[in-house]
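Chemist: Dumping the structure here so I can ask a few things about it.
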Protein chains: 4
Amino acid sequence: MRVGVLTGGGDCPGLNAAIRAIVRKGVQECGFEFVGLRDGWRGALEGAVVPLDIPAVRGILPRGGTILGSSRTNPLKSEDGVARVRETLAAYEMDALIAIGGEDTLGVAAVLAGEGIGVVGVPKTIDNDVTGTDYTFGFDTAVNIATEAIDRLHTTAESHSRTLVVEVMGRHAGWIALHSGIAGGANVILIPEQPFDVDQVCAWVEDRFKIRYAPIVVVAEGAVPKAGQMVVKDSSLDEFGHVRLSGIGEWLAREIADRTGKEARTTVLGHIQRGGTPSAFDRWLATRFGLRAIDAVYERDFGTMVALRGADIVRVPLSEVTVGTKGVDPALYAEFGVFFG
Amino acid sequence: MRVGVLTGGGDCPGLNAAIRAIVRKGVQECGFEFVGLRDGWRGALEGAVVPLDIPAVRGILPRGGTILGSSRTNPLKSEDGVARVRETLAAYEMDALIAIGGEDTLGVAAVLAGEGIGVVGVPKTIDNDVTGTDYTFGFDTAVNIATEAIDRLHTTAESHSRTLVVEVMGRHAGWIALHSGIAGGANVILIPEQPFDVDQVCAWVEDRFKIRYAPIVVVAEGAVPKAGQMVVKDSSLDEFGHVRLSGIGEWLAREIADRTGKEARTTVLGHIQRGGTPSAFDRWLATRFGLRAIDAVYERDFGTMVALRGADIVRVPLSEVTVGTKGVDPALYAEFGVFFG
Amino acid sequence: MRVGVLTGGGDCPGLNAAIRAIVRKGVQECGFEFVGLRDGWRGALEGAVVPLDIPAVRGILPRGGTILGSSRTNPLKSEDGVARVRETLAAYEMDALIAIGGEDTLGVAAVLAGEGIGVVGVPKTIDNDVTGTDYTFGFDTAVNIATEAIDRLHTTAESHSRTLVVEVMGRHAGWIALHSGIAGGANVILIPEQPFDVDQVCAWVEDRFKIRYAPIVVVAEGAVPKAGQMVVKDSSLDEFGHVRLSGIGEWLAREIADRTGKEARTTVLGHIQRGGTPSAFDRWLATRFGLRAIDAVYERDFGTMVALRGADIVRVPLSEVTVGTKGVDPALYAEFGVFFG
Amino acid sequence: MRVGVLTGGGDCPGLNAAIRAIVRKGVQECGFEFVGLRDGWRGALEGAVVPLDIPAVRGILPRGGTILGSSRTNPLKSEDGVARVRETLAAYEMDALIAIGGEDTLGVAAVLAGEGIGVVGVPKTIDNDVTGTDYTFGFDTAVNIATEAIDRLHTTAESHSRTLVVEVMGRHAGWIALHSGIAGGANVILIPEQPFDVDQVCAWVEDRFKIRYAPIVVVAEGAVPKAGQMVVKDSSLDEFGHVRLSGIGEWLAREIADRTGKEARTTVLGHIQRGGTPSAFDRWLATRFGLRAIDAVYERDFGTMVALRGADIVRVPLSEVTVGTKGVDPALYAEFGVFFG
């Protein structure tokens, strides 16, 4: 049996650990051969492949990124995309495909499975927003990096009596903001799922200054203020009339500074959240996902995705992932209100 | 309502995070007062208390250890232990007790609950061997530290073509060994739940050398060889005739060196696994446990323990913890056989 | 003898280690008493003081920031500044002052010493741009943080075949950029001391892509392109006609993307470079500086500054610091040209 | 010109960074070719070589260990050693040799240089005990690892009111113990250069307990008590009558526990101090050493060694290294007495 493997979407710590587990178990226990598809679905569309055997996966467990490359290419966006994927599979005699990715990559996998292609999915995303699994790998690493950054920022905030706004990843889901904010002892945490009230944020900031500590505000990049609170000034428009703001963090710091009269600064963590060596948990989870994906292929249980439930790895239909992003439940968010201010 | 809080057993990263969450929510949302019991059950026995209010818990979230101190004192071991605990509670007008600890501490809590004392338990242990909860806090930090150490040892093993044996914590359960061994890319992992075959270990070591890589062997401190394999030489007995071995790691390294004829060294990670700042996951879990323990006290749902199930915090009877240690399932261990050798 | 201590300018890992060493040695060996001046020269101007004794410095060695607070207040900017500093010293019966800071803080100290005030200086700055000393504390920590970030960015750059521009601190001196860029294996390093040629930068970027690796460009915040290369578009002006650019990193990434036609992203490390626990070297250096500053006070050798020369701590005139910023020598920078592209 | 490169002695973070710099500059700027000698002087003796070109050094900068392998083989110990080294050089047409190592490796290099072989030395050792250079690479990483471990041990020591003895590397020189002990806030630091008084150690331990903090004792593996203080009990002898002690740390912890009546534990850091990714400083220093070693080869300035003086890299005669180990000066050690107890 020949199995193709691809990694799609944003890169994420743990991808290499998953690839290694897939190849080690597939070759050693099942006698499979593997084909690496280059740059996610692009490789499947264009027939761009790389060799993938045991020597190729030696030493990659602790390395971030993906040896297969990644892209956001979506084969469903071109009319003959599915046909071209089929051609690539035929050309390289692949009997099955393991697709490692987030909502988009797995959504494509679900469609292909519906078309009769033998696909097994492995969920990954630093944002932790894939439905059907308790956690995805990459998330724990991102949260650890953001928490360590917040730890560092506390000392500089205290030393200068200033508000520090930390913008973390999370366009649609606030998981990184919530976990790192709680772990880092933030005084305000703002997530995309709940439009925030700038007045309330400033009140919390003032509360913090009153007890002579400096506030840390953690904001997910996708968080937005309540309707009407973000006034766009003329000067914030670019040559096409689009709003030009570096991001919500910078906007918020300016508002806080204007309203409280005290200095406020922004730090945008950016890509360091998704790079570098994976945490132990992410290596463990990615390895277990990889091993179990091979079980699914071996049993030809296609159209499924491996998932974490408690301490167990289970299999769920790939279609589960397509119901939409898994966001932070308002009830969960509300539990932490005691730490705000 | 006045609530006593104690931390028992070995110290563990996340204890302070739990204490902070308990006090923050208890004071701010429920109007509780708190009494800190010094050094676990010793404080309850001897009436040793410390003030515990919001200023006392400021800044402790990222700190390892416990501001309340800890000990292995067991009040059930003295005849009047339960009565003395009752006296302390009465003397300081405590209406309830939150006991944070592992199997021993929580076992005592279960007995006291049976005697009508209002106790709520919070599980912690770096060993992850408490039944009734998917994970305990402290474990993730320990695994990260061990994994980072294994990462470091790989390079020195390779450079000198030697076997490195890493002894990690885990007297009764192999969770730290298994997780850090898998995350660290160990070539052999030995756990207390499965007596190991020294011949097999040496065969794996030889396999590794054959492909010109240096083997890393991760061994839990409580792991033992199969019956008859550990020959005790006269010189290994101390003045009382007891076996004197620094530990299983050292013994195993000597056996491997003797049998394979190649250099082998041991590193015993020891107490660095339980100290220092908690990982983001442990801060998150400890905080959530603390918040939910307050809910249980508020609802006077005594005799219960908070526990993790998937991504949720639930409440289980304290008696669950007394069924014994949660070990590594042989089936789970077997999944990773593909990485051995 | 009563000695005032202040920390001025941007906060910096190691300040607390220096304060601790000063107080420990001053009290234990010399019988000094200490007064903490709040927020740098502001405390000296306004008579804002805090107690500073051995209990106050317990546990602060590993903590970033400064327990004394900091500010950029300059007493020389108000006409009666020197007189007011004198008044504060008299009011609290301080016989001497230890000023810990960078070029600005030490410049003030040099002037005050000229006015007969008993001042000893301790150099600190993450930028490493103080003349008269081989290194300042804070720098090594900042370089380690930046290097770790660059390590992380390599993996995400590779996975997506994109250029990553990392903007690090350094308005006037390129030390952080040079050290972290070399340690992190950057492909281009740009420093304030040498205006860069955007065409050359793009050529190096292209060279890197040719061998199928993704380029990392490290740029100091104060680096600038050669005259004429930074064209400011109308839309980059704010309502007052000032150039509005988030920073050189963002500008450069846009230029690289425009000119090479390949994706380029920016990460601005910002304040995480100056926060958090100091590296071992910075704790060592700050401790030694603190101990030797006490020697200078004890010997009433005022108007001096402690400094690192090789592995030794020496004393130099405070006036040395006023000759200007210590920048990266072009010859040193040129040594690393072999790694560019 | 063809140049051989070898790494001898214990492995050390930064070796790969030095190798990379040598090859990059040698090939790109001087047109040199390189031959890698396998496992230090063993490769030179036995003609064991590996290819060494630019692709071979890609990506190795952040990796610990050495891609060339290492050993403690000493060609001067076999009668025809020098002749065999000459033969290997001739067989592979090497015009010069760059030897990277500590006192032993460089001592051999000095002898070979005396025999007319074109050798340039690069000093490395985690122990920092090479004469002629302010610092060697590897040392800073080891100190950072030990300091981080001490930071972790503080919390577990406090939580249980116990003494923790940390044994760090350093058979002949106490640099790692002194730097990590000072950086980690140890209460006692013991180094090989100064036999210690167990009574004094116990007095310091008691002092620490009096103020209700738990003592941390850092001891170099080569430290010894004053004459007569180490009583060897019968039971500590092995079958050959040799003293059987795991190490000085374990012995000392037992003595402290016996004499103070309070619990004491040992942690032996061992090989994790020399493995893993190098610190930023070590990557910088190793890179600079590598670049300058090429200059020396290019200028045919053989019999020399590169060395750090302040912030500069200089060249010194290889013979300097043979005057013996660079230990901690008693005056320097005495400076830190204020922190003991």
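Chemist: Do we have A:Asp11 as in the same structural domain as A:Phe289 (by TED's automatic domain parsing), open to solvent by less than 20 Å² (accessible area, probe 1.4 Å) and either modelled with pLDDT under 95 or among the charged types (D, E, K, R) (or both) here?
Modeler: yes
Chemist: Same structure again: Is at least one residue of region B:114-133 farther than 30 Å from B:Ile256 by Cα and part of a helix (DSSP H, G or I)?
Modeler: Yes.
Chemist: Only one of these conditions is not met by D:Arg244: (1) open to solvent by less than 20 Å² (accessible area, probe 1.4 Å); (2) within 11 Å of chain B (Cβ to nearest Cβ); (3) modelled with pLDDT under 90; (4) touching a Leu at 6+ places or on another chain (Cβ under 7 Å). Which number is it?
Modeler: Tallying (1) open to solvent by less than 20 Å² (accessible area, probe 1.4 Å); (2) within 11 Å of chain B (Cβ to nearest Cβ); (3) modelled with pLDDT under 90; (4) touching a Leu at 6+ places or on another chain (Cβ under 7 Å), D:Arg244 fails exactly one: (1).
Chemist: Another question, then. Give C:Ile22, C:Ile67, C:Ile54, C:Ile98 a once-over and let me know the one that is within 14 Å of chain A (Cβ to nearest Cβ) and of a type in the set (Val, Ile, Thr).
Modeler: C:Ile67
Chemist: In addition: With the requirement that a residue be within 14 Å of chain C (Cβ to nearest Cβ), open to solvent by 10 Å² or more (accessible area, probe 1.4 Å) and assigned to a loop (DSSP other than H, G, I, E, B), what does region A:152-184 give you?
Modeler: A:Ser161, A:Arg162, A:Met169
Chemist: Here's another thing I want to ask about it. Can you name the condition, by its number, that C:Trp251 falls short on among (1) open to solvent by less than 30 Å² (accessible area, probe 1.4 Å); (2) facing another protein chain (nearest Cβ under 8 Å); (3) out of contact with any strand residue (DSSP E or B) (no Cβ under 8 Å at 6 or more places or on another chain)?
Modeler: Going through the list (1) open to solvent by less than 30 Å² (accessible area, probe 1.4 Å); (2) facing another protein chain (nearest Cβ under 8 Å); (3) out of contact with any strand residue (DSSP E or B) (no Cβ under 8 Å at 6 or more places or on another chain), C:Trp251 breaks only (2).
Chemist: Pairs needed: first member in region A:29-57, free of Cβ contacts under 8 Å to residues at least 24 places away in the same chain; second member anywhere, open to solvent by less than 20 Å² (accessible area, probe 1.4 Å); C-beta distance under 6 Å; at least 6 residues apart or different chains.
Modeler: If the second residue must be open to solvent by less than 20 Å² (accessible area, probe 1.4 Å), the pairs left are A:Val50/A:Gly36.
Chemist: When only residues in region C:200-221 that are charged (D, E, K, R) and in contact (Cβ under 8 Å) with a residue 60 or more places away in the chain count, which is surrounded by the most Cβ atoms within 10 Å (Cβ to Cβ)?
Modeler: The selected residue is C:Arg208.
Chemist: In this structure, does D:Thr147 turn out to be free of Cβ contacts under 8 Å to residues at least 60 places away in the same chain, of a type in the set (Val, Ile, Thr), open to solvent by 10 Å² or more (accessible area, probe 1.4 Å) and within 30 Å of B:Gly138 (Cα to Cα)?
Modeler: No: the conditions fail for D:Thr147.
Chemist: Condition (residue is more than 22 Å from A:Pro317 (Cα to Cα), surrounded by fewer than 19 Cβ atoms within 10 Å (Cβ to Cβ) and free of Cβ contacts under 8 Å to residues at least 24 places away in the same chain) applied to region A:91-101: is it met by at least one residue?
Modeler: No; the residues of region A:91-101 include none that is more than 22 Å from A:Pro317 (Cα to Cα), surrounded by fewer than 19 Cβ atoms within 10 Å (Cβ to Cβ) and free of Cβ contacts under 8 Å to residues at least 24 places away in the same chain.
Chemist: Moving to a separate point now. Which one of these is touching a residue at least 60 places away in the same chain (Cβ under 8 Å) and out of contact with any Gly (no Cβ under 8 Å at 6 or more places or on another chain): D:Gly65, D:Gly69, D:Gly118, D:Gly81?
Modeler: Of the residues listed, the single one that is touching a residue at least 60 places away in the same chain (Cβ under 8 Å) and out of contact with any Gly (no Cβ under 8 Å at 6 or more places or on another chain) is D:Gly118.
Chemist: Another question, then. Determine, yes or no, whether A:Ile117 is modelled with pLDDT of 95 or more, under 16 Å from A:Ile22 (Cα atoms) and out of contact with any Ser or Thr (no Cβ under 6 Å at 6 or more places or on another chain).
Modeler: no
Chemist: Please determine, by comparing only the residues of region D:124-175 that are of a type in the set (Gly, Ala, Ser) and more than 28 Å from D:Val205 (Cβ to Cβ), which one is nearest to the chain's Cα centre (by Cα).
Modeler: D:Gly138
Chemist: List every residue pair whose Cβ atoms lie under 9 Å apart, where the two residues are 6 or more positions apart in sequence or sit on different chains, the first residue falls within region D:1-19 and is basic (Lys, Arg), and the second residue, located anywhere, is not in a loop (DSSP other than H, G, I, E, B).
Modeler: As it stands, the answer is D:Arg2/D:Glu33; D:Arg2/D:Phe34; D:Arg2/D:Val35; D:Arg2/D:Ala96, since those pairs meet every condition given.
Chemist: I'm trying to understand the selection: among the residues of region C:136-151, which are facing another protein chain (nearest Cβ under 7 Å) and not acidic (Asp, Glu)?
Modeler: Answer for region C:136-151, where residues must be facing another protein chain (nearest Cβ under 7 Å) and not acidic (Asp, Glu): C:Val143, C:Asn144, C:Thr147, C:Ala149.
Chemist: Residues to consider are D:Glu29, D:Glu46, D:Glu33; find the one that is more than 21 Å from D:Tyr92 (Cβ to Cβ) and away from chain B (no Cβ under 13 Å).
Modeler: Step by step, each of D:Glu29, D:Glu46, D:Glu33 is checked, and only D:Glu29 is more than 21 Å from D:Tyr92 (Cβ to Cβ) and away from chain B (no Cβ under 13 Å).
Chemist: Only strands (runs of 3 or more DSSP E) wholly contained in region C:257-340 count here; list those with 1 or more residues that are open to solvent by less than 20 Å² (accessible area, probe 1.4 Å) and away from chain A (no Cβ under 14 Å).
Modeler: Here the list reads C:304-309, C:312-317.
The values are calculated or read from the model by the stated rules, or taken from the named source; none is laboratory data. Being a predicted model, the structure only gives us computed values, none of them experimental. Note: ideal-geometry Cβ built from the backbone for every residue, glycine included; neighbour counts use all protein chains shown. Calculation scope for accessible area: heavy atoms of the full protein, side chains included, ligands and nucleic acids excluded. Shrake-Rupley method; radii C 1.70, N 1.55, O 1.52, S 1.80 Å.
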